[in-house]
Amino acid sequence: MSGPVLVTGAAGRIGTALRGGLPERGWAVRCLDVVPIVDTRPGEEQVVADATDLAAMEDAVAGASAVVHLAGISGESTWPAISHANIEGTYCALEAARRAGVSRVVLASSNHATGYTPRPDGGLLREVDAPPRPDTYYGVAKVAMEALGSLYVDRYGLDVVCLRIGSAFPEPTTVRQLSTWLSPRDQVALVDAALRAPAPGFAVVWGVSANTRNWWDLTAARALGYEPSDDAEVFASALVEVHGEPDLTDPVHARVGGEYTTAEFDAERFEPPLPRGDIAPGSGADR
Ligand code: 15L
């Protein structure tokens, strides 16, 4: 590996975990976010820029060895906001990488790209059995992300790994997340594997920890070299005591996207987001 990894949305939740863990795995990190990072770490490079600004992205990617694209709105919002931040942002990340000759791009996709997919009657759900079936405009943007990644592999020969991330939080806070949790340590392990996998071409893999209650198959992610360490089950008794065991007929547990497939997540219920410069780091504006 030569040159730093450009991490977009570096001030956000996953970006912060990666900034902590990637250097220990030998990666230098160049951070990019619309807001300055306050707790900068030794050796990090900092770029304050908007990931939807192609010229700025071209400058930011120069000399990088890979791009990890996390920037964007991290949940449902209005169509103008999602289409600009999340779809335009993905195009800019891939196009800037292509123009700079950076051949490896890791994209933060999401389970919500296929959120309406039902839970299988038994066994584990493979990515190939969960084609695009978005549950929100946010999910549509993740479908577009995967489609753009596929295009840049086939047309321009990039290696693009799309991570269909589950619930990337410090710890699970709902019973659904006992199945969908991706711990901060495993966020680092998954991105590290996506960066190192020899010639993955185009790959789409689930991003969850080694949860006892997983129903998304980790075979494809493990084939990339991902070795998860954590299991949400250590939080199960406390969560089940408060919320009860999950009812598997409830859409929240019967579909990949959980709550996002319910009426509560109709985009009409969402306000346009704050202007991007007013968004605090780690507020969820970046993944
Ligand atoms: C996501 O993609 C979101 O970024 C995150 O906020 C959670 O909602 C997560 O999915 C999830 O499904 O738990």
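The values are calculated or read from the model by the stated rules, or taken from the named source; none is laboratory data. Everything numeric in this text was worked out from a predicted model, so none of it was measured. Every residue, glycine as well, gets a Cβ built from its backbone with ideal geometry; the counts of neighbours run over all protein chains shown. Please note that ligands, DNA and RNA were not included when accessible areas were found on the heavy atoms of the full protein model with its side chains. Shrake-Rupley method; radii C 1.70, N 1.55, O 1.52, S 1.80 Å.
Which of rounded, prolate, oblate describes region 54-162, given a ≥ b ≥ c as roots of the alpha-carbon gyration tensor eigenvalues and a/c under 1.5 marking rounded, otherwise prolate only if a/b is larger than b/c?
oblate
For the residue pair Ala62 and Trp79, what label-to-label distance in nm results when each label sits 7 Å from Cα along the Cα-to-beta-carbon direction?
Taking the two extended label points, one gets 3.9 nm.
Efficiency by 1/(1 + (r/R0)^6): what FRET value for Val48 and Arg185, r their Cβ-Cβ distance, R0 = 41 Å, to the nearest 0.05?
Taking R0 as 41 Å, the efficiency between Val48 and Arg185 is 0.90.
Take the chain, connect every pair of alpha-carbon atoms lying under 10 Å apart with a spring to form a Gaussian network, then pick out the residue of Asp230, Asp192, Asp154 with the largest mean-square fluctuation.
Top of the fluctuation ranking is Asp154.
Amide H of Ala66: which non-local residues (sequence gap of 5 or more, or other chain) have their own amide H closer than 5 Å, using H built in the peptide plane?
Under 5 Å from the amide H of Ala66 lie the amide H atoms of Leu6, each far enough along the sequence or on another chain.
Please give the contour-minus-distance gain from Ser150 to Glu268: 0.36 nm per residue of separation, less the Cα-Cα distance, rounded to one decimal in nm.
39.4 nm
Quick check: at a probe of 1.4 Å, how many percent of the accessible area of region 102-180 sits on carbon and sulfur atoms?
52
Sort 39-46, 73-80 for me by packing, meaning the mean count of neighbouring Cβ atoms within 10 Å per residue, highest on top.
Listed from highest to lowest mean packing, they are 73-80, 39-46.
Under 10 Å, Cα contacts only: if you run a Gaussian network model on the chain, which one of Arg19, Arg164, Arg155 comes out with the highest mean-square fluctuation?
Arg155
What percent does the relative contact order of the chain come to when contacts are Cα pairs within less than 8 Å and at least six residues apart?
Relative contact order for the chain comes out at 22 percent.
Pick from Ala85, Ala147, Ala221: which residue has the top mean-square fluctuation in a GNM of the chain where Cα pairs under 10 Å get a spring?
Fluctuation is largest for Ala147.
Excluding ligands, DNA and RNA, what is the solvent-accessible area per residue of the chain at a probe of 1.4 Å, expressed in Å²?
Per residue, the chain has an accessible area of 41 Å².
How far is it, in nm, from the label point at Thr40 to the one at Ala199 when both lie 7 Å from their Cα along the line to the Cβ?
Each label point lies 7 Å from its Cα, and together they span 4.0 nm.
Given the peptides 236-247, 134-145, 49-60, 103-114, arrange them by the average over their residues of other C-beta atoms within 10 Å, most packed first.
103-114, 134-145, 49-60, 236-247
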